[in-house]
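Engineer: Provided herewith is a single structure, encoded as structure tokens, for subsequent inquiry.
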Amino acid sequence: MSASPVQLNLKNIQGNILAGFNKDYQSLLFVRFNNTTKGRAWLANLIPEIANCEEVGAFNQLFKALNRRRGGELGILKATWTNIAFTHSGLKALAVKAADLNKFPDDYKQGMRARASITGDVAESTPGKWVGDFNTDKIHAVLIVASDTQFDLHEQVARYIQNMTYNGGVELVFIQEGAVRQDEPGHEHFGFKDGVSQPGIRGFNEPDDPGNPDQGHPGQDLLHPGEFVLGYPTQAGVGVPPQLDDLNTNPGPPSMSGPAWTTDGSYMVFRRLKQDVRGFHDMIEHEAARLGLTSAQLGAKMVGRYASGAPLEQSDEMKARGIDPNQGDPAAIDASFTTSAKDNDFEYGDDQAGKFVPRAAHIRKTYPRDQDVPGENPTQKHRLLRRGIPFGTSFRPSLGATSHEPEEAFPHDRGLLFIAYQRSISDQFEFVQQTWVNNAGFPGGVAGHDPIIAQKDNPRDFNFTQAGGQVAHIQLMKRFVVTTGGDYFFQPSIKALHLIANVAVPTDL
Ligand code: N7H
């Protein structure tokens, strides 16, 4: 972790926020507090088990170093981590003072269901159709339990359930299991590598090149931590031209939201996103054939990366080596395009027209990088730290691998458990979903909707430029990603957990 003028209190910040659990198996336990005293007692008992950023970060570094030195995953280092986050009604059920409850922002207070007109969760995605108890007021908190082995995870979860039964005042409302795909680890269900691009954080992520302290990996701008954790400097806001984004060395004011004890906490968005894998792949095969492209090329146009994770945007190195990513996956020529040294080393400023990555491609909509976005805040004010994991079994191994498989005996429930951390739900998650993803007019002209996650009315448009320069258009007649649950949570510091549980705060935090 880098020496920085910003000293993060890593012991006080829950571990999944900045470090990321990064485990193959996860269970999300959604709970309700039916009794304040018992709820507080249950939380007080749980606090020593809550993993912080210092230990999760140290484990992740050791894990990587061991794998590098001894070549491959060895299974000799394992851990099971737990974090906890609360809905606004959950904090109320634990009798947080009314004056403090009132200080929280409206987005969090209202919760995801009430914000459906902002996120575009209508039609199949409407909250009335959500699973479990996501369409009720029942959910007060979520335990995020993550482990390297399924056995350890289940043992831990069984113990938590036993504790709840014993306590009597905490009810388990819904369990959601998530797991890395066994057939294609690191890839989400449509077949694309996920978790490739994340914001780098000053004071936490080391620059690869000490001579370039504003970048983590090449192309990964280091951001001020206040964008994701409350109480720290933020990116400078309105008035800073987007092209200065990656230089943003003079920070904006510390992030503040809610009562004073929210310092070292973060807002967490959870969305249970069901993926229609068969429908998506059939559509791609059909449209690719119509347009004279391969399925892999059309998939890359929709996402902005190939399934391997290699960028579709032409980097300086690709230019110099005469590699044209429009013609096929650059990783087929050189696998290093899928490593952290090269998989983010691109911007969109020199591809304003979307000749390589369409202006509506998923990764360009959700993080437009240096692209000229007239009248917008710098794009870096709308970043998300993503901690998602797939749920459900795999259907097709990879994009275009086989075609016309038999129908599944019954349509499986599979998709992505989207988890993202931020300083403000309305400035970050909601802004990205409403102003960029669901908005065919962003970034100007007729870019179209995000073909992967837009949640607006059907039919939806996706426009892009083909390799030869001709404009192509796809009308997505259905959603391939449907919201089936979710809510807004606040993930407090370890110190704040003590305050909520009404027990003494340790002096070393
Ligand atoms: Fe997305 N996908 O498979 O197509 N996403 N995403 N996402 N997403 C990304 O860079 C996917 C969702 C972002 O920094 C990749 O890690 C799917 C939501 C952001 O350049 C792939 C679902 C939101 C980035 C996918 C889904 C976002 C990103 C490329 C739902 C926010 C980073 C790999 C089922 C509203 C952009 C990578 C950057 C990347 C997919 C959901 C946002 C492959 C299937 C709801 C910010």
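The values are calculated or read from the model by the stated rules, or taken from the named source; none is laboratory data. The model shown is predicted, which means the values in this text are computed figures rather than measured ones. Methodologically, a virtual Cβ is constructed for each residue, glycine included, from the backbone with ideal geometry; neighbour enumeration extends over all protein chains shown. Quick note on the areas: whole protein, heavy atoms, side chains included, nothing else; ligands and nucleic acids left out. Shrake-Rupley method; radii C 1.70, N 1.55, O 1.52, S 1.80 Å.
Engineer: Under a straight-distance cross-link criterion of Cα-Cα below 23 Å, which lysines are reachable from residue 38, leaving out those fewer than 8 residues away in the same chain?
Structural biologist: Within the straight-line cut-off, residue 38 pairs with 92, 97, 138, 495.
Engineer: Oh, and also: If 435, 483 are ordered by their accessible area, calculated over protein heavy atoms with a 1.4 Å probe, which sequence runs from highest to lowest?
Structural biologist: Highest to lowest solvent-accessible surface, that is 435, 483.
Engineer: Which of the peptides 114-121, 154-161, 63-70 is most tightly packed, and how do the rest follow, going by the mean number of other Cβ atoms within 10 Å of each residue?
Structural biologist: Going by the mean number of other Cβ atoms within 10 Å, highest first, we get 114-121, 154-161, 63-70.
Engineer: Alpha carbons only, please: Rg and Dmax for the chain, in angstrom.
Structural biologist: Over the chain's Cα set, Rg and Dmax evaluate to 22.2, 67 Å.
Engineer: Given a cut-off of 19 Å, name the pairs among 193/355; 193/342; 129/274; 193/274 whose C-alpha atoms lie farther apart than that in the structure shown.
Structural biologist: Too far apart for the 19 Å limit: 193/355.
Engineer: Moving on to the next point. Please state the relative contact order of the chain as a whole percent: Cα pairs under 8 Å, 6+ residues apart?
Structural biologist: Computed value for the chain: 23 percent relative contact order.
Engineer: Search the structure for amide H atoms under 5 Å from the amide H of residue 490, placed 1.01 Å from N in the peptide plane, and list their residues when 5 or more places away or on another chain.
Structural biologist: Under 5 Å from the amide H of residue 490: 86, 87, 268.
Engineer: Oh, and also: How large is ³J(HN,Hα), in whole Hz, for each residue of the range 166-176 in order, when computed from phi with the Karplus curve 6.51 cos²θ - 1.76 cosθ + 1.60 and θ = phi - 60°, using x for Gly and Pro?
Structural biologist: My calculation for the range 166-176 gives 4, 5, x, x, 10, 9, 7, 8, 7, 10, 10 Hz in order.
Engineer: Of 312, 291, which has the most accessible area with a 1.4 Å probe, and how do the rest follow in descending order?
Structural biologist: Putting 312, 291 in descending order of accessible area: 291, 312.
Engineer: So what's the angle, to the nearest 10 degrees on a 0 to 90 scale, between helix 53-70 and the longest Cα principal axis of the chain?
Structural biologist: 50 degrees
Engineer: Before I look further, what does the chain give for accessible area per residue, probe 1.4 Å, in whole square angstrom?
Structural biologist: Accessible surface, normalised per residue, equals 40 Å².
Engineer: To the nearest 10 square angstrom, how much accessible area does residue 457 have with a 1.4 angstrom probe?
Structural biologist: Rounded to the nearest 10, the figure is 100 Å².
Engineer: For the range 1-70, what is the per residue volume of the convex hull drawn over the alpha-carbon atoms, in cubic angstrom?
Structural biologist: 115 Å³
Engineer: Let me ask something else about it. Over its Cα atoms, what ratio of radius of gyration to 2.2 N^0.38 Å does the range 272-350 give?
Structural biologist: 1.19
Engineer: Counting only Cα, what are the radius of gyration and maximum Cα-Cα distance Dmax of the range 46-92, in Å?
Structural biologist: Rg and Dmax of the range 46-92, Cα atoms, are 15.3, 49 Å.
Engineer: Turning to a different aspect of this structure: Anything over 23 Å Cα to Cα? Flag those among 365/456; 23/109; 381/478; 11/64; 11/381, in the order listed.
Structural biologist: 23/109; 381/478; 11/381
Engineer: Still on this structure, please answer the following. Heavy atoms only, probe 1.4 Å: what % of the accessible area of the chain goes to carbon and sulfur, would you let me know?
Structural biologist: It is 53 percent, rounded to a whole number.
Engineer: Under the rule of -39500 (n - 2.57) per DSSP H run of 4 or more residues, summed and divided by the residues of the chain, what mean residue ellipticity at 222 nm is obtained, to the nearest 500 deg cm²/dmol?
Structural biologist: When only DSSP H runs of four or more count, the value is -6500 deg cm²/dmol.
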